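K.L.:
Here you go, one structure.
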Amino acid sequence: MQVSDIISRVERTLFDITNVRWPEAELIDYINDAQQAVILARPDANSKNVTMPLAVGTRQTIPSDAGRVGIRFLRLTRNVAGDLRAIRESSRVALDNELPNWHTANPSTSIQHYVFDNVDPKIFYVYPPAASGAQVEIIYSALPAKATAVGDTLTLSDNYLNAVYDWVLYRCYSKDASYAGNLQRAQYHANAFAAQLGINMQTEFMAASGQQATPTPAAAPQVRTGG
């Protein structure tokens, strides 16, 4: 997805191809905001699948290095070191009830279970506790790289082009919401943004296998006035 493509479409919609009211730098800021809004609604929109060395013990933190700043844990798939054993998600309550001292169990390089809580999105726990040398395959959501120029390529795939386009127009019309009709235009594009992600989520859910719960469509952002 090219920044220039989105800006061109937005400029034509706004009848502002010379950027009198909405400078290119401002549109690029809105595009970056759009990327973050998409990731908040769809963490899988920029998922990373990498091999991760584990810290010794149960408590682990998702990767957060240059170029792939992790924002949310998604899942572990398997061990990488040794037996390539699959890793299953477990309930913290179940582990706490059945093995109250699981945090101090004998360490191992072969992980059997992981525990994750949405209230602490960058942290997960493994059982048995990881021994030195343990490595796993992790899938996590990363913050998209920020665009800084019109010639940049966005991290998000083309599947989210329309959602980004609608978010940018929502922000543009919100800037001039005091003008007749712009408040309604802003709300229209806010709803279109939410609908895009909602349709994507429902379609992908129906096509995927092994899913247990219907995802909740993204809610439309509230229109705000001002710059």
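Values in this text are rule-based calculations from the coordinates and carry no lab data. All values reported here derive from a predicted model rather than from experimental measurement. Here the Cβ positions follow ideal geometry from the backbone for every residue, glycine too, while neighbour counts run over all protein chains shown.
K.L.:
Could you run the Karplus curve 6.51 cos²θ - 1.76 cosθ + 1.60 with θ = phi - 60° over segment 180-188 and give me ³J(HN,Hα) per residue in whole Hz, x for Gly and Pro?
P.N.:
Values per residue, Gly and Pro as x: 4, x, 6, 4, 5, 5, 4, 5, 4 Hz.
K.L.:
Label-point separation (nm) for S4 and A94, each offset 7 Å from Cα along Cα-to-Cβ?
P.N.:
According to this spin-label approximation, the distance is 5.3 nm.
K.L.:
Follow-up. When the chain is fully extended, how far beyond the present Cα-Cα distance does S47 get from A25, taking 0.36 nm per residue of separation?
P.N.:
5.2 nm
K.L.:
Compute the length gained on full extension between V69 and N106: take 0.36 nm times their separation in residues and subtract their Cα-Cα distance, giving the result in nm to one decimal.
P.N.:
So the chain would gain 10.2 nm between V69 and N106.
K.L.:
Still on this model: Quick check: convex hull over the Cα atoms of segment 46-142, volume per residue in Å³, rounded to an integer?
P.N.:
On the way: hull volume 8.3 nm³, N = 97.
Hull volume over Cα atoms, normalised by residue count, gives 86 Å³.
K.L.:
For K175, list the aspartates and glutamates whose Cα falls under 16 Å from its own Cα; do not include residues on the same chain fewer than 8 positions away.
P.N.:
E11, D16, E24, E26, D29, D33, D166
K.L.:
According to the Cα gyration tensor, what semi-axes, each the square root of 5 times an eigenvalue, does the equivalent ellipsoid of the chain have, listed from largest to smallest in whole Å?
P.N.:
42, 18, 14
K.L.:
Tell me, what is the percent relative contact order of the chain, built from C-alpha pairs under 8 Å that lie six or more residues apart?
P.N.:
Relative contact order here is 25 percent.
K.L.:
Separate question: Could I get the Rg over Rh figure for segment 35-88? Both from C-alpha atoms, Rh via Kirkwood, rounded to two places.
P.N.:
Ratio of gyration radius to Kirkwood radius: 1.00.
K.L.:
In the chain, what percentage of the DSSP-assigned beta bridges are antiparallel, given to the nearest 5?
P.N.:
90 percent
K.L.:
Enumerate the amide H contacts of R78 below 5 Å, restricted to partners 5 or more residues apart or on another chain; note that Pro and chain-start residues carry no placed amide H.
P.N.:
For R78, the qualifying residues are I87, E137.
K.L.:
Add +1 for every Lys or Arg and -1 for every Asp or Glu among the other residues with Cβ under 12 Å from the Cβ of I87, and state the total.
P.N.:
Combined, the nearby Lys, Arg, Asp and Glu give +1.
K.L.:
In whole Å, what is the distance between the alpha-carbon centres of segment 149-195 and segment 1-67?
P.N.:
Cα centroid of segment 149-195 versus Cα centroid of segment 1-67: 13 Å apart.
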